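Let me begin by presenting the structure, written as structure tokens, before commenting on it.
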Amino acid sequence: MAYMDNCVLYYKKTCPYCHKVMDYMSAAGITMDLRDIAQPGNVDDLVRIGGMKQVPCLVHNGQALYESADIIEWLRNNAAK
């Protein structure tokens, strides 16, 4: 499994787009820190970083990336092989 440090995925358990990203990560053997926005403080962190509550949100080196298809494409291009 490829652990991607400097990456955090913010997600919501009931979000189908979040599951799409996490399913891709599982199939590709990618792991990283995951933060459920239902947990205290995570929404505040997400808004502070990216300016909105939208999930899924991949944060890489402090930069927020939204939209499941964009996140999956980024992972395809940047995950360690």
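Under a model in which nothing but the beta-carbon of Lys, Arg (+1) and Asp, Glu (-1) is charged, the chain shows a dipole of about 100 debye around its Cα centre. For the chain, a Kirkwood hydrodynamic radius built from all Cα pairs, placed in the Stokes-Einstein relation at 4 °C and 1.567 mPa s, yields a translational diffusion coefficient of 104 µm²/s.
Report, to the nearest whole %, how much of the accessible area of the chain belongs to carbon and sulfur atoms, 1.4 Å probe, protein only.
Values: 2390 of 4860 Å².
Roughly 49 percent of what the probe reaches on the chain is carbon or sulfur.
Any chance you could run the full-extension gain for Ile49 through Tyr3? It's 0.36 nm times the residue separation minus the Cα-Cα distance, nm to one decimal. Don't jump to the answer; show the numbers that get you there.
Details: separation 46, 0.36 × 46 = 16.56 nm, distance 2.16 nm.
14.4 nm is the gain from fully extending Ile49 to Tyr3.
Treating each Cα of the range 1-47 as an identical point scatterer and summing with the Debye formula, the log10 of I(q)/I(0) at q = 0.18 Å⁻¹ comes to -0.56. Here the label points at Arg76 and Thr31, each 7 Å from Cα along the C-beta direction, are separated by 2.5 nm in the simple model.
Would you mind counting up the charge near Pro56? Only other residues with Cβ under 12 Å from its Cβ, with Lys and Arg at +1 and Asp and Glu at -1. Provide the component values of the computation, followed by the final result.
Numbers: positive: Lys12, Lys13, Lys20, Arg35, Lys53; negative: Asp23, Asp36, Glu67, Asp70.
With Lys, Arg at +1 and Asp, Glu at -1, the neighbours total +1.
The values are calculated or read from the model by the stated rules, or taken from the named source; none is laboratory data. All figures in this text were calculated on a predicted structure; none of them were measured in a lab. FYI the Cβ positions are ideal-geometry reconstructions off the backbone, even for glycines, and counts take in every protein chain you see. Surface accessibility is based on the protein's heavy atoms, side chains included, excluding ligands, DNA and RNA. Shrake-Rupley method; radii C 1.70, N 1.55, O 1.52, S 1.80 Å.
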